[in-house]
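The values are calculated or read from the model by the stated rules, or taken from the named source; none is laboratory data. Given the structure is predicted, the values throughout are model-derived calculations rather than measurements. With ideal geometry, Cβ positions are generated from the backbone for all residues, glycine too; neighbour counts draw on all protein chains shown.
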Amino acid sequence: MNEEMVTLAADDASEAWVGAVGAGGVFLLLIVIVWQIAATWRARMLAAREEQYRQLAGKYAQLLEDNTELHRRTLDELSQARTSLAAMEKMMREIE
């Protein structure tokens, strides 16, 4: 009878260890799954942010080109105005 109780106690202890190791494994698996989901989400957010930065850089490049063209046109108009003003001054001096 004592031998049966010792055997049953030993079986209960080994079952407890198996249960504890199994529960630990399940928790470890859940931690790894959550960790991977978080890493995947973070990678997607970084990729989306990078795409937004690329769009912003493209928009900035286009605005810079537009600004350069406007600047060139303004300089051309200013040159024409100076030429016209010089011609008028010359004409006014000739009239005097």
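Within region 39-49, does at least one residue satisfy the condition of being of a type in the set (S, T, N, Q) and at pLDDT 90 or above?
yes
From Met1, Met88, which residue is loosely packed, with under 10 Cβ neighbours inside 10 Å and modelled with pLDDT under 95?
Numbers: Met88 fails: loosely packed, with under 10 Cβ neighbours inside 10 Å.
Result: Met1 is the single residue among Met1, Met88 that is loosely packed, with under 10 Cβ neighbours inside 10 Å and modelled with pLDDT under 95.
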